[in-house]
1. Based on the alpha carbon coordinates of the chain, what radius of gyration and maximum Cα-Cα distance (Dmax) apply, in Å?
2. Go through G35, T61, S17 and say which Cα lies farthest out towards the positive end of the charge dipole of the chain; charges sit on Cβ, +1 for Lys and Arg, -1 for Asp and Glu.
3. Please tell me the relative contact order of segment 48-124 in percent, rounded to the nearest whole number, where contacts are Cα pairs under 8 Å and at least six residues apart.
4. Around G27, under 15 Å between beta carbons, what's the net of Lys plus Arg minus Asp minus Glu among the other residues?
5. I'm a student and want to see the number: the projected area of the Cα convex hull of segment 51-124, averaged over all directions, in nm².
6. Just grab the label-to-label distance for E44 and S71, each label 7 Å out from Cα along the Cβ direction, in nm (one decimal).
7. What order, most packed first, do the peptides 109-118, 12-21 have when packing is the mean number of other Cβ atoms within 10 Å of each residue?
8. Can you compute the FRET efficiency between E87 and T28 using 1/(1 + (r/R0)^6), with r the Cβ-Cβ distance and R0 = 41 Å? Round to the nearest 0.05.
Amino acid sequence: QVQLVESGGGLVQAGGSLRLSCAASGGTFSSYVMGWFRQAPGNERGFVAALGWSGDTTYYTDSLKGRFTISRDNAKNTVYLQMSSLEPGDTAVYYCAARRGAVVRTSYSEYDYWGQGTQVTVSS
């Protein structure tokens, strides 16, 4: 069983940056595909970014490419989401997720473990 704990959310002005962290415990972190998803009120949970075991394979939702960067530190059992040029439309609860196996997926239904989420609010 893997436990995931997100941190780093908060209130930021448009144009600002935040770095989210997700600390994992209870499993072999380096054997999980890791992803970030987000959910705004009234919306479905949507894919943000994901990366493979070594961090070499990354996927982003098209609209966020160039502004968001996902990375991982297997020695620290932590995955990060660096967010820059934030917009009010980025306001959401951001969730970290882990997926058993080697294939990077973008659907939330294919992830096995979830964190509790961290709120990101971008003011205009």
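1. When restricted to the Cα atoms of the chain, Rg and Dmax are 13.3, 40 Å.
2. Positive-most Cα among the choices belongs to G35.
3. Details: 109 pairs, mean separation 22.0, N = 77.
Result for segment 48-124 is 29 percent.
4. Values: positive: R72, K76, R99, R100; negative: D112.
With Lys, Arg at +1 and Asp, Glu at -1, the neighbours total +3.
5. Working: hull surface 21.9 nm².
Quarter of the Cα hull surface area: 5.5 nm².
6. 3.2
7. Working: 109-118: 16.7, 12-21: 15.0.
Taking the mean over residues of other Cβ atoms within 10 Å, the ranking is 109-118, 12-21.
8. Values: r = 36 Å, r/R0 = 0.88.
According to the calculation, E is roughly 0.70.
The values are calculated or read from the model by the stated rules, or taken from the named source; none is laboratory data. Fair warning: this is a prediction, and the values are worked out from it, not measured in the lab. Reconstructed Cβ throughout: ideal geometry from the backbone, glycine too, with neighbour counts over all protein chains shown. Each accessible area value is taken on the protein alone, full model and side chains, heavy atoms only, with ligands, DNA and RNA left out. Shrake-Rupley method; radii C 1.70, N 1.55, O 1.52, S 1.80 Å.
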